[in-house]
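Before any comments, here is the structure.
The values are calculated or read from the model by the stated rules, or taken from the named source; none is laboratory data. Predicted, not measured: the structure shown is a model, and the values here were computed from it. Using ideal geometry, Cβ is built from the backbone for each residue, glycine included, and neighbour counts are taken over all protein chains shown.
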Amino acid sequence: MPIKMKPTSVIKVNLGIQKDGPIQAFFTQTCYKHMDKYVPNDEGNLRLNVSLTNNTITYESPYAHYQYIGMREDGTHVVKNYTTPGTGPYWDKRMISAEMQDVVEEVQKYINRGG
(Lines give C-alpha, C1' and ligand atoms only; values in the text may rest on other atoms or scores of the structure.)
Protein backbone atom coordinates (compact mmCIF):
# COMPACT_ATOMS: atom_id res chain seq x y z
CA MET A 1 0.00 0.00 0.00
CA PRO A 2 1.48 3.38 -0.98
CA ILE A 3 2.17 5.92 1.73
CA LYS A 4 0.48 9.27 1.24
CA MET A 5 2.49 12.22 2.40
CA LYS A 6 1.68 15.88 2.54
CA PRO A 7 3.65 18.13 0.19
CA THR A 8 7.06 19.22 1.43
CA SER A 9 5.89 22.82 1.71
CA VAL A 10 3.14 21.79 4.14
CA ILE A 11 5.53 19.65 6.19
CA LYS A 12 7.97 22.58 6.43
CA VAL A 13 5.21 24.92 7.64
CA ASN A 14 4.08 22.36 10.21
CA LEU A 15 7.66 22.14 11.51
CA GLY A 16 8.15 25.92 11.37
CA ILE A 17 11.18 25.60 9.10
CA GLN A 18 9.82 27.34 6.02
CA LYS A 19 11.61 30.38 4.62
CA ASP A 20 11.04 33.35 6.95
CA GLY A 21 9.30 31.02 9.41
CA PRO A 22 9.45 31.00 13.19
CA ILE A 23 12.63 28.91 13.43
CA GLN A 24 14.47 31.30 11.10
CA ALA A 25 13.17 34.28 13.10
CA PHE A 26 14.33 32.69 16.37
CA PHE A 27 17.75 31.95 14.85
CA THR A 28 18.11 35.56 13.68
CA GLN A 29 17.07 36.93 17.10
CA THR A 30 19.48 34.55 18.85
CA CYS A 31 22.37 35.60 16.59
CA TYR A 32 21.54 39.25 17.26
CA LYS A 33 21.50 38.66 21.02
CA HIS A 34 24.89 36.90 20.95
CA MET A 35 26.44 39.37 18.49
CA ASP A 36 25.63 42.50 20.47
CA LYS A 37 28.68 42.29 22.73
CA TYR A 38 31.00 42.24 19.69
CA VAL A 39 29.54 45.40 18.12
CA PRO A 40 31.58 48.56 18.88
CA ASN A 41 29.90 50.60 21.61
CA ASP A 42 31.55 53.97 22.16
CA GLU A 43 28.26 55.79 22.74
CA GLY A 44 25.87 52.91 22.05
CA ASN A 45 24.25 54.34 18.94
CA LEU A 46 25.53 51.62 16.62
CA ARG A 47 24.12 48.87 18.82
CA LEU A 48 20.79 50.64 19.24
CA ASN A 49 20.14 51.62 15.62
CA VAL A 50 19.35 48.13 14.31
CA SER A 51 16.53 46.68 12.26
CA LEU A 52 15.71 43.00 12.25
CA THR A 53 13.60 40.89 9.95
CA ASN A 54 13.10 37.14 10.16
CA ASN A 55 16.38 36.63 8.34
CA THR A 56 18.42 39.84 8.47
CA ILE A 57 20.16 42.03 11.02
CA THR A 58 20.94 45.49 9.65
CA TYR A 59 22.89 48.13 11.55
CA GLU A 60 21.41 51.40 10.31
CA SER A 61 23.85 54.05 11.59
CA PRO A 62 25.57 55.97 8.78
CA TYR A 63 28.98 54.81 10.01
CA ALA A 64 27.98 51.13 10.49
CA HIS A 65 29.75 49.88 7.36
CA TYR A 66 32.87 51.86 8.23
CA GLN A 67 32.94 50.27 11.69
CA TYR A 68 32.12 46.82 10.31
CA ILE A 69 35.00 46.66 7.83
CA GLY A 70 37.36 48.66 10.05
CA MET A 71 38.06 51.36 7.48
CA ARG A 72 36.40 53.84 5.22
CA GLU A 73 35.22 52.43 1.93
CA ASP A 74 37.90 54.39 0.07
CA GLY A 75 40.55 52.91 2.38
CA THR A 76 41.77 56.34 3.55
CA HIS A 77 41.26 55.76 7.26
CA VAL A 78 41.66 52.58 9.27
CA VAL A 79 39.98 52.20 12.65
CA LYS A 80 42.89 51.53 15.01
CA ASN A 81 41.16 51.42 18.36
CA TYR A 82 37.76 50.05 19.25
CA THR A 83 37.03 51.48 22.69
CA THR A 84 35.05 48.55 24.09
CA PRO A 85 37.19 45.44 24.74
CA GLY A 86 36.27 42.45 22.57
CA THR A 87 34.62 44.55 19.88
CA GLY A 88 35.87 45.29 16.42
CA PRO A 89 35.30 44.81 12.74
CA TYR A 90 33.37 41.83 11.38
CA TRP A 91 31.47 41.39 14.63
CA ASP A 92 29.26 38.69 13.11
CA LYS A 93 32.32 36.57 12.36
CA ARG A 94 33.64 37.18 15.89
CA MET A 95 30.36 35.91 17.32
CA ILE A 96 30.29 32.91 15.00
CA SER A 97 33.82 31.96 15.99
CA ALA A 98 33.19 32.32 19.71
CA GLU A 99 29.54 31.43 20.21
CA MET A 100 27.93 29.64 17.27
CA GLN A 101 27.73 26.37 19.18
CA ASP A 102 25.70 28.19 21.87
CA VAL A 103 23.41 29.62 19.17
CA VAL A 104 22.89 26.16 17.66
CA GLU A 105 22.06 24.71 21.08
CA GLU A 106 19.54 27.46 21.82
CA VAL A 107 17.84 27.00 18.46
CA GLN A 108 17.73 23.23 18.98
CA LYS A 109 16.10 23.70 22.41
CA TYR A 110 13.56 26.01 20.80
CA ILE A 111 12.79 23.41 18.14
CA ASN A 112 12.54 20.66 20.77
CA ARG A 113 9.95 22.71 22.69
CA GLY A 114 7.86 22.90 19.54
CA GLY A 115 8.82 26.36 18.32
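Remarks
- Residue pairs meeting the criteria (Cβ under 7 Å; at least 6 apart or on separate chains; first under 12 Å from GLN67 (Cα atoms) and among the charged types (D, E, K, R), in the range 32-56; second modelled with pLDDT under 90 and surrounded by 13 or more Cβ atoms within 10 Å (Cβ to Cβ)): ARG47/ASN41
- Filter result (more than 11 Å from the chain's Cα centre (by Cα) and either part of a helix (DSSP H, G or I) or among the polar types (S, T, N, Q) (or both)) within the range 32-50: LYS37, TYR38, ASN41, ASN45, LEU46, ARG47, LEU48, ASN49
- The set of residues in the range 65-82 that are under 24 Å from MET100 (Cα atoms) and at pLDDT below 90 comprises HIS65, GLN67, ILE69, GLY70, TYR82.
- In the range 18-51, the residue that is nearest to SER61 (Cα to Cα) out of those that are of a type in the set (Lys, Arg) and surrounded by fewer than 16 Cβ atoms within 10 Å (Cβ to Cβ) is LYS33.
- Set THR76, THR58: member being of a type in the set (Val, Ile, Thr), over 20 Å from ARG113 (Cβ atoms), part of a loop (DSSP other than H, G, I, E, B) and out of contact with any His (no Cβ under 9 Å at 6 or more places or on another chain): THR76
- Residue in the range 59-66 that is closer than 30 Å to LYS109 by Cα and not β-branched (Val, Ile, Thr) present: yes
- Pairs meeting the criteria (first residue in the range 8-22 and free of Cβ contacts under 8 Å to residues at least 12 places away in the same chain, second residue part of a helix (DSSP H, G or I) and among the aliphatic types (A, V, I, L, M), beta carbons under 7 Å, at least 6 apart or on different chains) are ILE17/ILE23.
- The single condition among (1) assigned to a helix (DSSP H, G or I); (2) crowded, with 16+ Cβ neighbours inside 10 Å that PRO89 does not meet is (1).
- Scanning the range 56-83 for residues that are surrounded by 13 or more Cβ atoms within 10 Å (Cβ to Cβ) and closer than 30 Å to GLN18 by Cβ yields ILE57, TYR59, ALA64, TYR68.
- Pairing residues of the range 95-107 that are closer than 14 Å to ASP36 by Cα and modelled with pLDDT of 95 or more with residues that are among the aliphatic types (A, V, I, L, M) and crowded, with 16+ Cβ neighbours inside 10 Å, at Cβ distances under 7 Å and at least 6 apart in sequence or on separate chains, gives MET95/MET35.
- Here MET5 clears all of (1) assigned to a helix (DSSP H, G or I); (2) modelled with pLDDT of 85 or more except the condition numbered (1).
- Filter result for LEU15 (surrounded by 11 or more Cβ atoms within 10 Å (Cβ to Cβ) and modelled with pLDDT of 85 or more): no
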